[in-house]
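This report concerns only the one structure given below.
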Amino acid sequence: MLAAGVAGLLIAMGLMVVRLLRGPTAYDRVLAVNSFGTKTVLMIALMGFAVGRPDFLDVAIVYALINFISTIALMKVFRLRSLGEPLARLSMSRETPDA
Amino acid sequence: MTRLLAAPEAELVFAALLLTLLAGLVLALLAARSVLTCILLMSVFSLTMALWLMVMDAPDVAFTEASVGAGVSTMILLGAALSSTDVIPSVRPGRFWFPAVACLAAFIGMALALSDLPVFGDPGSPPSSYVGRLYLEHTPHDIGAPNVVTAVLASYRGFDTLGETSVILAAGVGVLLLLGGSLNSRDPVSEDVSLRISAGSPVLSVAARLLIPIICLYAFYVLAHGEFGAGGGFQAGVILAAALILHALVFGVRETMRALPVGVVRSCAALGVLGYASIGFIAILHGGRFLDYDALLSPVFEAGLPSSHLAGGHHHWGQRLGILGIETGVMLAVASTMTAIFYAFAGRVSRSDEAGAA
Amino acid sequence: MTLALALTPYVYGLGFFMMAAGLLIALTSRHLIKRLIGLGVFQTSAGVFYILLSKVSGGTAAIRLEADSPAARSLASRLDAAYIATHGVDGVVYSNPLPHVLILTAIVVGAATLAVGLSIIVRIRETYGTVDFEELAALEAKALRDGREDEA
Amino acid sequence: MLEAIAWIGSAFIIAAVGLSIAGAVGVLRFPDVYTRIHAASITDTGAASLMTLGMLLMAGLSPAAIKLCIVWLFIMLTSPAAAHALAGAAFGSGHRPILGDPRRPSEDET
């Protein structure tokens with residue numbers, strides 16, 4: 001039963017990779033990475049729980065955190081072309097279209 | 001209760017499937033024509049890699065790969081990609097064929113060694129039979145920590161880990177020498193505080209405000225929990241650095257530098273390695289060998305303490321103390337080095353933009 | 001065991017393929033950052049090889065369980081008793097922890113050295129205005145030629 | 001009784017995986033960035049909630065259950081925030097949602 005669940009998540013992850021490669025905009029790619037990450041979190045939780053080693057859930061927590069942070073970083077790079085500026089500038093500079 | 005992967009062989013099949021996905025990602029990487037796509041693929045590669053490591057019974061490595069590969073490496077790559085062109089020019093065929101043939105030859109050479117390699121998952125293979133098995137058998141008696149990986153990393157091979165921590169410090173020093181650690185004087189970020197407060201994205205800043213303390217707390221949990229479950233100083237350090245990176249991403253690197261000045265970060269990186277090494281010297285002063293944690297506590301004092309968990313009638317408080325001590329040193333060194341590296345890259349971009357525009 | 005025997009060339013082959021492909025990216029790409037990414041793939045696949053050697057069929061992560069805990073018993077129920085008696089430690093079969101230790105530190109050190117490489121690339125870009133390998137090679141050849149003319 | 005709860009738990013997990021696949025198909029098939037973000041973020045949080053619920057039913061009261069709840073909390077906190085930030089960034093950089101008939105190609109899409 002759970003093996004079917006893992007296989008299904010694997011299919012969903014594969015579809016996300018297709019979206020990552022096809023684009024077309026940068027935001028589609030970031031979205032694909034973010035969603036891929038969430039599915040990985042679920043998969044690790046599922047696996048760790050099912051194999052009977054709850055230590056694995058620690059790794060799932062780290063995944064959720066890192067996934068969020070790297071999504072923010074990617075989005076900032078695509079939008080502001082900078083890592084160091086505060087996000088407040090996100091709503092200030094609307095005029096520059098994305099490359 | 002339903003059990004996933006009930007047969008041990010299903011585990012191996014699943015591992016092979018994930019490895020296929022990894023190889024496919026490498027293939028896509030080979031064909032990618034844009035640096036940012038490469039970085040995204042690398043991030044997904046790291047996530048899948050960590051998942052694969054979980055299946056291969058290596059949660060500690062998966063922990064590290066998730067936080068380092070998908071987190072910090074992606075961040076640094078993005079920082080560097082910002083200061084260069086995005087398009088990857090295509091290779092001239094004349095320059096492609098010789099390396100391609102060389103790589104093919106390398107692949108064939110490695111494939112020829114296949115018959116000498118142990119069968120996948122063979123419990124009696126030479127790598128798993130001698131040293132690894134000895135560590136597994138002796139850890140409860142010698143160290144008293146359930147996590148064998150931490151025991152080997154921090155105690156049996158503590159000297160080796162000291163070397164690795166020094167390498168990380170050295171790499172951090174190298175980056176600082178090349179890039180300079182602080183913000184350059186002509187920074188386009190305005191100092192107007194009112195703008196920052198009024199126009200910020202409230203959703204993200206609230207989420208960041210909620211998350212950053214939790215992440216820091218979690219880093220210390222990972223540090224302290226390293227003996228009992230997946231985790232340890234390296235992972236905790238990277239998680240702590242991730243919290244600072246999140247702060248810098250949302251509130252600006254200038255704000256983070258105000259909260260945690262560059263000088264403090266640099267000193268902490270050196271202090272971490274110093275703390276690690278000084279625990280070794282304390283052991284010498286107490287009459288043991290370098291990094292011999294059993295010598296940390298005097299036998300008289302330790303006899304008064306209750307016997308520790310999984311110990312089998314043996315006292316292990318010296319090992320406990322030593323491992324926690326050096327893991328704290330590793331965490332301090334790794335967290336500050338990673339933060340210093342991020343500072344260097346994030347503070348750098350604006351200057352190269354000016355150089356590119358000129 | 002026959003399934004594992006059939007999988008062996010496949011998984012090692014994929015590991016070798018990843019290594020060769022990483023090397024190919026590192027050797028042929030014209031963009032310096034992609035070269036470093038290729039080097040990262042190469043390094044990771046070395047780790048893949050180590051971890052492949054460490055896996056024990058039916059094993060679990062090398063975090064020792066109490067000998068008679070429910071988790072240990074549930075893990076033991078998947079395998080036959082003879083297998084556990086030969087290959088297990090205190091009733092549980094563990095994977096080999098030694099490669100995990102080596103690769104764990106290698107990953108962190110790899111990220112640190114990646115940072116050094118990238119900072120060198122940033123400096124190259126600031127000094128020469130390009131990160132294209134071919135252009136850099138042309139610049140270097142030109143500098144060499146100019147130097148020789150100066151000597152003559 | 002326990003058997004029945006375990007079955008309900010695995011039913012929840014299967015539903016979550018189904019939702020996840022549906023979301024992935026949506027991300028692959030929908031016409032523009034905003035609809036794709038919509039598909040991904042809704043199904044991700046939904047799948048996470050269903051799956052946590054399923055695993056909680058199967059795990060019962062244990063330390064693992066607390067960690068499961070933490071994972072769920074993190075996903076519920078970070079996934080919508082990331083989706084919001086993504087949509088905001090896409091809008092800010094000049095991509096406009098397709099209004100009207102989505103089958104007619106728009107210049108925003110490429």
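Each residue in segment B:125-147 was checked for being farther than 16 Å from C:Leu98 by Cβ and facing another protein chain (nearest Cβ under 7 Å), and 2 pass. Given the criteria without any contact (Cβ under 8 Å) to a residue 60 or more places away in the chain and surrounded by fewer than 23 Cβ atoms within 10 Å (Cβ to Cβ), does D:Met55 qualify? So D:Met55 does not fit the description; no. When B:Val72, B:Val91, B:Val101 are checked against the criterion of being in a helix (DSSP H, G or I) and touching a helix residue (DSSP H, G or I) at 6+ places or on another chain (Cβ under 6 Å), a single residue qualifies: B:Val72.
Exactly one residue among B:Ala207, B:Ala243 is in a helix (DSSP H, G or I), surrounded by 16 or more Cβ atoms within 10 Å (Cβ to Cβ) and in contact with a Cys (Cβ under 6 Å, 6 or more places away or on another chain), and that residue is B:Ala243. Within segment C:99-139, the set of residues being among the acidic types (Asp, Glu), touching a residue at least 12 places away in the same chain (Cβ under 8 Å) and within 7 Å of chain B (Cβ to nearest Cβ) comprises just one member, C:Asp132. If you go through segment B:86-124 and pick out every residue that is more than 7 Å from chain C (Cβ to nearest Cβ), under 30 Å from A:Thr71 (Cβ atoms) and not aliphatic (A, V, I, L, M), you end up with 1.
Tell me whether segment B:135-157 contains one or more residues that are over 22 Å from B:Glu227 (Cα atoms) and of a type outside the set (Val, Ile, Thr). No, there is no match, as no residue in segment B:135-157 is over 22 Å from B:Glu227 (Cα atoms) and of a type outside the set (Val, Ile, Thr).
Annotation note: of C:Ala112, C:Ala85, the sole residue that is at pLDDT 80 or above, in a helix (DSSP H, G or I) and not assigned by TED's automatic domain parsing to the domain that holds C:Lys34 is C:Ala85.
Determine if segment C:33-42 includes at least one residue that is at the interface with another protein chain (Cβ under 9 Å from one of its Cβ atoms), without any contact (Cβ under 8 Å) to a residue 60 or more places away in the chain and under 27 Å from B:Asp116 (Cα atoms). Yes: one or more hits. Just one of the listed residues (C:Ala71, C:Ala20, C:Ala26, C:Ala61) is under 30 Å from B:Val101 (Cα atoms) and in contact with a Lys or Arg (Cβ under 9 Å, 6 or more places away or on another chain), and it is C:Ala26. Yes or no: segment C:13-24 includes at least one residue that is closer than 20 Å to B:Glu65 by Cα, small (Gly, Ala, Ser) and in contact (Cβ under 8 Å) with a residue 60 or more places away in the chain. Within segment C:13-24, not a single residue is closer than 20 Å to B:Glu65 by Cα, small (Gly, Ala, Ser) and in contact (Cβ under 8 Å) with a residue 60 or more places away in the chain. If the condition is being closer than 18 Å to A:Ile72 by Cα and within 7 Å of another protein chain (Cβ to nearest Cβ), then segment D:59-85 contributes D:Phe74, D:Ile75, D:Leu77, D:Thr78, D:Ser79, D:Ala81, D:Ala82, D:His84, D:Ala85.
For (1) modelled with pLDDT of 90 or more; (2) more than 28 Å from D:Leu86 (Cβ to Cβ); (3) hydrophobic (A, V, I, L, M, F, W, C), each residue gets a yes or a no:
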{"residue": "B:Ala241", "(1), (2), (3)": "yes, no, yes"}
{"residue": "B:Leu244", "(1), (2), (3)": "yes, no, yes"}
{"residue": "B:Phe251", "(1), (2), (3)": "no, no, yes"}
{"residue": "B:Thr256", "(1), (2), (3)": "no, no, no"}
{"residue": "B:Val264", "(1), (2), (3)": "yes, yes, yes"}
{"residue": "B:Ala269", "(1), (2), (3)": "yes, yes, yes"}
{"residue": "B:Gly280", "(1), (2), (3)": "yes, yes, no"}
{"residue": "B:Ile284", "(1), (2), (3)": "yes, yes, yes"}
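The values are calculated or read from the model by the stated rules, or taken from the named source; none is laboratory data. A quick note: this is a predicted structure, and the numbers were derived from the prediction, not measured. Note that each Cβ is placed from the backbone with ideal geometry, even for glycine, and that neighbours are counted across all protein chains shown.
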